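Step one of this worksheet: look at the structure below.
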Amino acid sequence: MALIETRELTRIYELDAGRVVALDRVSLDIEDGDFAAVMGPSGSGKSTLMNLIGCLDRPTSGTYRLAGTAVESLNANGLAALRNREIGFVFQQFNLLPRMDALGNVELPMVYAGLDRKARREKALRALERVGLADRSHHRPMQLSGGQQQRVAIARALVNAPSLLLADEPTGALDSRTAIEILALFQELNREGVTIVIVTHDADVARHARRVVRFKDGRVTADQRQLPRDAREALAASAEAVA
Ligand SMILES: Nc1ncnc2c1ncn2[C@@H]1O[C@H](COP(=O)(O)OP(=O)(O)OP(=O)(O)O)[C@@H](O)[C@H]1O
Ligand SMILES: [Mg+2]
């Protein structure tokens with residue numbers, strides 16, 4: 001069974017100025033354990049797709065099953081519960097709360113999930129350890145580098161142990177080396193069984209995925225499997241080249 005299964009998924013925005021078919025009858029399966037990169041020009045529907053598969057938005061028509069659940073059949077509460085259980089989100093601009101330290105930011109999704117304070121602390125610390133930031137748990141976002149902020153955001157996305165990680169341009173605000181470090185972390189998580197879908201404009205980033213799905217005008221124009229480049233090896237090779 002595919003983790004993500006869309007059939008003729010369509011999203012039309014109705015504006016005074018006219019209608020925009022942002023996503024046009026997209027049928028896409030993403031298997032449990034896959035690592036897919038979504039590419040395509042600006043306005044081709046990538047974020048619209050991510051919002052739909054992330055259960056942040058509802059389609060105009062078509063169907064979507066996530067982990068076997070028909071998403072259309074859920075009310076707002078059911079949708080929120082499914083989202084909390086199955087999905088972690090990572091964004092280009094990190095979206096951390098500036099007044100909270102790293103630990104506080106990672107704890108947030110568990111506040112909504114109703115976990116008590118001590119359990120929250122412990123799980124948040126473990127998630128920060130997982131992304132290599134245990135020694136930065138009391139730093140605020142402003143006191144962290146861009147790559148470290150993105151790691152905090154990834155820890156926050158992982159803290160409820162989601163089966164699916166959705167990342168819209170997660171490396172867009174990072175320099176190329178830091179981007180590869182983040183990809184190395186994604187590849188590790190993927191090897192541990194997390195399904196990953198990432199939107200990127202950057203072909204170098206997409207090379208690290210197992211599959212590349214291309215969009216244009218709200219339609220899938222290409223869908224190819226590939227042997228992913230290993231980010232750890234790339235980092236080691238570039239370190240040698242510098243030395
Ligand atoms: N909330 C909205 N209301 C109206 N139109 C929208 C809305 N969101 C997106 N669109 C339109 O839908 C189309 C697809 O937008 P989308 O954001 O999915 O593109 P994208 O592929 O993510 O682009 P980018 O690479 O620039 O992020 C665009 O034509 C856009 O103008
Ligand atoms: Mg977008």
Q) Taking segment 134-167, which residues are under 24 Å from Glu233 (Cα atoms) and among the charged types (D, E, K, R)? A) Arg151
Q.
Can you pull out every residue in segment 149-174 that is of a type outside the set (A, V, I, L, M), away from ligand 2 (no atom under 16 Å from the Cβ) and surrounded by 20 or more Cβ atoms within 10 Å (Cβ to Cβ)?
A. Gln149, Gln150, Arg151, Arg156
Q) Where in segment 1-69 are there strands (runs of 3 or more DSSP E), lying wholly inside it, with at least 2 residues that are away from ligand 1 (no atom under 16 Å from the Cβ) and under 20 Å from Leu165 (Cα atoms)? A) 2-15, 18-31, 61-66
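Could you identify the single residue in Ala22, Ala37 that is out of contact with any Cys (no Cβ under 8 Å at 6 or more places or on another chain) and within 18 Å of Val197 (Cα to Cα)?
Values: Ala22 fails: within 18 Å of Val197 (Cα to Cα).
Of the residues listed, the single one that is out of contact with any Cys (no Cβ under 8 Å at 6 or more places or on another chain) and within 18 Å of Val197 (Cα to Cα) is Ala37.
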Q) Considering only segment 61-75, how many residues are buried (at least 16 other Cβ atoms within 10 Å of the Cβ) and touching a strand residue (DSSP E or B) at 6+ places or on another chain (Cβ under 9 Å)? A) 6
Q | Filter result (within 22 Å of Thr195 (Cβ to Cβ) and part of a helix (DSSP H, G or I)) within segment 145-163 | A | Gln150, Arg151, Val152, Ala153, Ile154, Ala155, Arg156, Ala157, Leu158
(Q) Could you check segment 176-208 and list, in sequence order, the residues that are in a loop (DSSP other than H, G, I, E, B) and surrounded by 20 or more Cβ atoms within 10 Å (Cβ to Cβ)? (A) Val194, Thr200, His208
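For every residue, the table says whether it meets (1) of a type outside the set (Phe, Trp, Tyr); (2) over 21 Å from Ala206 (Cα atoms).
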position: Gly18; (1), (2): yes, yes
position: Arg25; (1), (2): yes, yes
position: Ile30; (1), (2): yes, no
position: Asp34; (1), (2): yes, no
position: Ala37; (1), (2): yes, no
position: Ser44; (1), (2): yes, no
position: Thr69; (1), (2): yes, yes
position: Phe89; (1), (2): no, no
Q. Looking at (1) over 18 Å from the mean Cα position of the chain (by Cα); (2) crowded, with 18+ Cβ neighbours inside 10 Å; (3) under 24 Å from Gly218 (Cα atoms), can you tell me which one Thr48 breaks?
A. (1)
Q) Among all residue pairs at least 6 apart or on different chains, which show Cβ distances below 6 Å where the first residue, located in segment 165-194, is touching a residue at least 40 places away in the same chain (Cβ under 8 Å) and the second is among the charged types (D, E, K, R) and surrounded by fewer than 20 Cβ atoms within 10 Å (Cβ to Cβ)? A) Ala184/Arg232
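Looking only at segment 108-124, how many residues end up being over 25 Å from Ile198 (Cβ atoms) and touching a residue at least 12 places away in the same chain (Cβ under 8 Å)?
First pass over segment 108-124, keeping only residues over 25 Å from Ile198 (Cβ atoms): 111, 114-122.
Pick out the ones that are also touching a residue at least 12 places away in the same chain (Cβ under 8 Å) and you get 120-121.
Residues that pass the stated criteria total 2.
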Q.
Could you check segment 85-103 and list, in sequence order, the residues that are in contact with a His (Cβ under 9 Å, 6 or more places away or on another chain) and within 11 Å of Arg156 (Cβ to Cβ)?
A. Ala102, Leu103
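Please enumerate the residues belonging to segment 195-227 that are aliphatic (A, V, I, L, M) and touching a residue at least 40 places away in the same chain (Cβ under 8 Å). Outline the logic, then answer.
Keep residues of segment 195-227 that are aliphatic (A, V, I, L, M), which gives 196-199, 203, 205-206, 209, 212-213, 220, 222, 227.
Within segment 195-227, Ile196, Val197, Ile198, Val199, Ala203, Val205, Ala206, Ala209, Val212, Val213, Val220 qualify.
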Q: Would you mention how many residues in segment 25-61 are under 23 Å from Arg191 (Cβ atoms) and within 13 Å of ligand 2 (Cβ to nearest atom)?
A: 4
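Readers should treat all values here as calculations from the given coordinates under stated rules, not as data from a laboratory. These figures come from a predicted structure and were not determined experimentally. Because the Cβ atoms are built from the backbone with ideal geometry, glycine has one as well, and the counts that use them run over all protein chains shown.
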